[in-house]
Amino acid sequence: MKDALQYVDIVSLGRPTLIDNQIGYKIKNGQADHIFLEFNEESVKESHLTPGLIDLLANTAYFDMPGIDYLKTLTDVKLGDAVTHDGTK
């Protein structure tokens, strides 16, 4: 586990980092059993996701990640199919 960061594609850590922004630290320090594996109340609180990011993740099918149903409970925003960088159609 100690050498995991030497062998993993850094891009593949993008989505897991959204769920647990301390994943690299936890792997490096032998705390793999403390890594959040899905969005839940505790992981969202620890990750400090912004409301806009929660809205985007909860409304975009290709961001389907473990615990996405929990994120959907945190927003009532329904985004259209085409959303620009500032959140408008």
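We did not get these values from a lab; they are worked out from the coordinates using the rules stated. If you're wondering where the values come from, they're calculated on a predicted model, not measured in any experiment. Reconstructed Cβ throughout: ideal geometry from the backbone, glycine too, with neighbour counts over all protein chains shown.
Remarks
- Label-zone membership for the range 15-42, site residue 70, 7 angstrom Cα→C-beta point, backbone N under 17 Å: 15-23, 33-42
- If the chain linking residue 77 and residue 46 were pulled fully straight, counting 0.36 nm for each residue of separation and taking away their Cα-Cα distance, it would gain 8.9 nm.
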